[in-house]
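S.K.: Questions regarding the structure given below will be posed in turn.
The values are calculated or read from the model by the stated rules, or taken from the named source; none is laboratory data. Bear in mind the structure is a predicted one, so any value in this text is a computation, not a measurement. As a convention, Cβ positions derive from the backbone with ideal geometry for all residues, glycine included, and neighbour counts pool all protein chains shown.
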Amino acid sequence: MIESHNAIKFWARKPISLILSEFPKKAYIIADPFCGSGTTGFAALIRRVNCIYLSDISPVSVFITSTLLSQSKLLEEIFSYFVDFCKDLEEELYRVRDYKVGYAVWMTELECPKCGYKFGVRKMSNEVKCRKCYTKFPTRYFLFKEKLLWIYVEKNGKKFKIADKEILEEYIGKEENLCLKYWYPSGTFEYSNLKIEFRNGPHRRLEIKEIFTRRNLYAVSKIYNEIERIWKSDQEQGDLLKLAFIASLVNATKMIPHAKSSGPSWKLPRYWIPNIREERNFCKSFIRRLKIIKDFKEKLEMNLPISDYKINVTYGDINALSSNGNNDEKTINIFRSDAREAYLFLPRCDFVILDPPHYDQVDYYELCYLWQKWLQGSHNDMRFEDFEYWKNVISINSRIGHDLNFYNNNISRIVLCYAGTLTKHGKLVLILHNKDPAILNETVKSIKEKLHDFKVKSSCEWPQVPSSAQGIHGRKKFLYILKIYRG
C-alpha cells in the first residue's frame with residue numbers, strides 16, 4: 001500500500017488503512033476539509049472514487065497534498081544534478097582534514113550574569129542556579145553559549161567519534177569563516193501583527209536564522225537558492241524539490257537531540273533546542289529525502305490510477321473548481337479554504353472525512369510556520385503570503401483566545417454543515433483525539449445536540465492502528481470516531 005509518511009512527516013497523520021476501514025461500499029464523491037497531507041486523497045484513489053475534494057486552511061497543507069498527488073515525477077537529470085551539487089557542497093562544509101563529518105554534537109552552556117561562570121545543563125527550567133556563585137536567575141538572563149563536544153566522522157568506510165581538541169577547533173574555524181551570501185527567511189517565532197510569541201515556540205525570543213548553526217544555514221540557503229533557480233523555469237520540478245527540502249529541513253536545525261535510543265527527527269511538536277544536540281550533515285539528509293520522494297512518485301504512478309484524473313489546484317479562486325466540465329471526468333480538486341466555508345463549494349457527497357486539529361495538542365499554524373517562511377522564498381511566492389490565517393485555525397490556544405468553547409462551537413457547526421451535504425445514503429466520519437474522555441464527551445454532546453435529522457454512531461477506544469499523534473508528549477490518547485448517516 002502507498003504510504004506518504006515516509007515522504008514527509010506530518011503531525012497526527014492518520015494511516016490510510018483507518019480511512020479505508022470507514023469507506024462506504026459505494027462512494028462516488030468524497031470530501032475532506034482538513035486534508036493535512038492528503039491521506040484521504042490516497043485512500044480515495046485506492047477506492048477509485050470519481051470526484052475528490054481536498055481542502056485546508058493552511059497553504060502548506062495544500063502544497064504538500066497537491067505535490068504528493070500531482071502527476072509529475074522528479075526527472076532523473078534533476079536528481080543527478082542535485083546529487084553532484086550536494087557532493088560538492090559536502091566537501092565545502094562537512095570535510096575536516098580527510099574525514100567526512102556525519103554529524104557534530106553540541107552542548108548549550110550558560111554564562112552566569114553575575115559571576116561569568118560557564119556551565120552546561122541537561123534540562124532547561126524557568127530558573128537556573130549558577131554552579132559557582134549559586135545565585136538563581138530566570139533563564140532569559142543567562143547568556144547562551146555553544147560548545148562542540150565531538151564529531152562523528154567517516155573515513156575509508158569506517159565510522160567513529162573524534163573529540164581531539166585541535167580537530168574540533170579546525171571544524172569550528174571552518175564554520176566561522178563562512179560568508180552567508182544566499183537568501184534565507186527573516187522573522188521570529190511569533191504571531192504576525194500581535195508580537196505574541198508562539199505557544200510552542202523555543203522558550204526564548206529567537207530569529208529564524210538562530211535555529212540553525214551557521215554551517216547548516218549556509219547549506220540550506222545555498223541548496224534552496226539552487227532549487228529556486230530551477231523553480232523559476234519549471235514549477236512542477238521546483239515544487240518537488242521544495243517538498244523534499246521542507247521534508248528534510250528539520251535535520252538542518254538545532255532541534256535534533258543527541259539520543260542513542262532513536263534516530264534524528266523532530267521529536268516534539270514545538271520549536272525547541274535541546275541542550276545536547278546534533279548538527280547533521282544536511283547534504284546527506286536532503287539527498288536521502290529527495291530519493292524517497294522520487295521513488296514515492298514513481299510508485300504512485302505504477303500502483304494507483306493517478307493518470308486517470310484531472311487535477312485542479314487553487315490557493316485563491318475556489319469558484320474555478322465548481323465547473324468540472326464533463327460529468328464523467330474523474331477529478332481531484334485541491335483548494336485552500338477555511339473548513340467553515342469549504343462546504344459551500346461542494347456537491348452532494350457520499351463520504352465526508354473530518355479530522356480536525358485535536359484540541360491543544362498540535363498547533364499546525366505554528367508548526368508549518370518555518371516551512372511556509374522558506375516556501376514563500378526570495379521571489380515572494382504568492383501561494384504562501386498569508387501569515388494571518390491563525391485567526392481562523394480551529395484549535396485550543398490561550399495565546400490567541402481560542403478556548404474549549406470556541407473549539408466545540410466550531411466543530412459542531414462544521415459537522416452540521418457537512419452532514420447537510422450528504423447524499424441519501426451518505427456517511428460522515430469525525431475523528432477526534434484526546435487523552436481525557438470527559439473532554440471528548442463534551443465535544444460529542446455539543447455535536448449531537450445539533451444533529452436532529454441524522455443517525456449517529458460513536459466509539460471511544462484506544463486506536464487499533466496508531467497514528468503519529470499517539471507519540472506526542474509520550475501520552476496515549478483516546479481515538480473517538482463519530483459516524484453520521486442521513487436519517
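S.K.: For the range 1-74, list the helices (runs of 4 or more DSSP H) that sit wholly inside it and hold at least 1 residues that are closer than 22 Å to Tyr315 by Cβ; which are they?
M.R.: Counting at least 1 such residues, we get 39-46, 59-69.
S.K.: Just to verify a result, which residue in the range 449-463, among those that are under 23 Å from Ser21 (Cα atoms), of a type outside the set (S, T, N, Q) and surrounded by fewer than 16 Cβ atoms within 10 Å (Cβ to Cβ), is farthest from the chain's Cα centre (by Cα)?
M.R.: Of everything passing the filter in the range 449-463, Lys455 is farthest from the chain's Cα centre (by Cα).
S.K.: Anything in the range 387-441 that is part of a loop (DSSP other than H, G, I, E, B) and under 19 Å from the mean Cα position of the chain (by Cα)? List them, or say none.
M.R.: Of everything in the range 387-441, those that are part of a loop (DSSP other than H, G, I, E, B) and under 19 Å from the mean Cα position of the chain (by Cα) turn out to be Phe387, Glu388, Val393, Ile394, Ser395, Ile396.
S.K.: Go through Ile431, Ile411, Ile439, Ile447 for me and flag whichever is out of contact with any Asp or Glu (no Cβ under 7 Å at 6 or more places or on another chain), in the same structural domain as Phe23 (by the TED database) and touching a residue at least 60 places away in the same chain (Cβ under 8 Å).
M.R.: Ile439
S.K.: Could you say which residue among Lys9, Lys14 is modelled with pLDDT under 95, out of contact with any strand residue (DSSP E or B) (no Cβ under 6 Å at 6 or more places or on another chain), more than 30 Å from Leu178 (Cβ to Cβ) and not aliphatic (A, V, I, L, M)?
M.R.: Testing whether each residue is modelled with pLDDT under 95, out of contact with any strand residue (DSSP E or B) (no Cβ under 6 Å at 6 or more places or on another chain), more than 30 Å from Leu178 (Cβ to Cβ) and not aliphatic (A, V, I, L, M) leaves just Lys14.
S.K.: Let me ask something additional. Can you find a residue in the range 114-126 that is touching a Ser or Thr at 6+ places or on another chain (Cβ under 7 Å) and farther than 24 Å from Thr253 by Cβ?
M.R.: Yes - at least one qualifying residue is present in the range 114-126.
S.K.: I would also like to ask the following. Please go through (1) surrounded by 13 or more Cβ atoms within 10 Å (Cβ to Cβ); (2) more than 30 Å from Glu236 (Cβ to Cβ); (3) in contact with a Cys (Cβ under 8 Å, 6 or more places away or on another chain) for Glu109 and return the number of the only condition it doesn't satisfy.
M.R.: Among (1) surrounded by 13 or more Cβ atoms within 10 Å (Cβ to Cβ); (2) more than 30 Å from Glu236 (Cβ to Cβ); (3) in contact with a Cys (Cβ under 8 Å, 6 or more places away or on another chain), Glu109 violates only (3).
S.K.: Continuing with this model, one more query. Report those strands (runs of 3 or more DSSP E) wholly inside the range 122-231 carrying at least 2 residues which are buried (at least 17 other Cβ atoms within 10 Å of the Cβ) and modelled with pLDDT of 95 or more.
M.R.: It comes to 143-155.
S.K.: Do we have Leu54 as modelled with pLDDT of 95 or more, surrounded by 15 or more Cβ atoms within 10 Å (Cβ to Cβ) and touching a Gly at 6+ places or on another chain (Cβ under 7 Å) here?
M.R.: Taking the combined requirement at face value, the residue satisfies it.
S.K.: Hey, could you check the range 22-35 for residues that are within 23 Å of Phe296 (Cβ to Cβ) and surrounded by fewer than 24 Cβ atoms within 10 Å (Cβ to Cβ) and say which is modelled with the lowest pLDDT?
M.R.: Restricting to residues being within 23 Å of Phe296 (Cβ to Cβ) and surrounded by fewer than 24 Cβ atoms within 10 Å (Cβ to Cβ), the top hit is Phe23.
S.K.: Right, another one. How about the range 179-203: which of its residues are under 27 Å from Val128 (Cβ atoms) and out of contact with any Phe, Trp or Tyr (no Cβ under 8 Å at 6 or more places or on another chain)?
M.R.: Thr188, Lys195, Ile196, Arg199
S.K.: So which residues in the range 132-155 are among the hydroxyl-bearing types (Ser, Thr, Tyr) and free of Cβ contacts under 8 Å to residues at least 40 places away in the same chain, if there are any at all? Before the answer, list the steps.
M.R.: Keep residues of the range 132-155 that are among the hydroxyl-bearing types (Ser, Thr, Tyr), which gives 134-135, 139, 141, 152.
Residues satisfying the conditions are Tyr134, Thr135, Tyr141.
S.K.: Further, regarding this structure: Please verify whether the range 127-146 includes one or more residues that are in the same structural domain as Phe282 (by the TED database) and closer than 25 Å to Cys283 by Cα.
M.R.: Among the residues of the range 127-146, at least one is in the same structural domain as Phe282 (by the TED database) and closer than 25 Å to Cys283 by Cα, which makes the answer yes.
S.K.: Have a look at Cys86, Cys115 and point out the one that is surrounded by fewer than 15 Cβ atoms within 10 Å (Cβ to Cβ) and of a type in the set (A, V, I, L, M, F, W, C).
M.R.: Cys115
S.K.: Moving on. Would you be able to say whether some residue in the range 25-35 is over 20 Å from Ile287 (Cα atoms), of a type in the set (Lys, Arg) and without any contact (Cβ under 8 Å) to a residue 12 or more places away in the chain?
M.R.: Yes, there is a match, as at least one residue in the range 25-35 is over 20 Å from Ile287 (Cα atoms), of a type in the set (Lys, Arg) and without any contact (Cβ under 8 Å) to a residue 12 or more places away in the chain.
S.K.: I would also like to ask the following. Looking at the range 115-174, which of its residues are among the basic types (Lys, Arg), within 20 Å of Glu278 (Cα to Cα) and touching a strand residue (DSSP E or B) at 6+ places or on another chain (Cβ under 9 Å)?
M.R.: Those that are among the basic types (Lys, Arg), within 20 Å of Glu278 (Cα to Cα) and touching a strand residue (DSSP E or B) at 6+ places or on another chain (Cβ under 9 Å): Arg122, Lys145, Lys147, Lys155, Lys159, Lys161, Lys174.
S.K.: Separate question: For the range 332-385, which positions are among the polar types (S, T, N, Q) and surrounded by fewer than 18 Cβ atoms within 10 Å (Cβ to Cβ)? Let's see the steps before the verdict.
M.R.: Let us first name the residues in the range 332-385 that are among the polar types (S, T, N, Q), namely 333, 337, 361, 372, 376, 378, 380.
Selection gives Ser378, Asn380.
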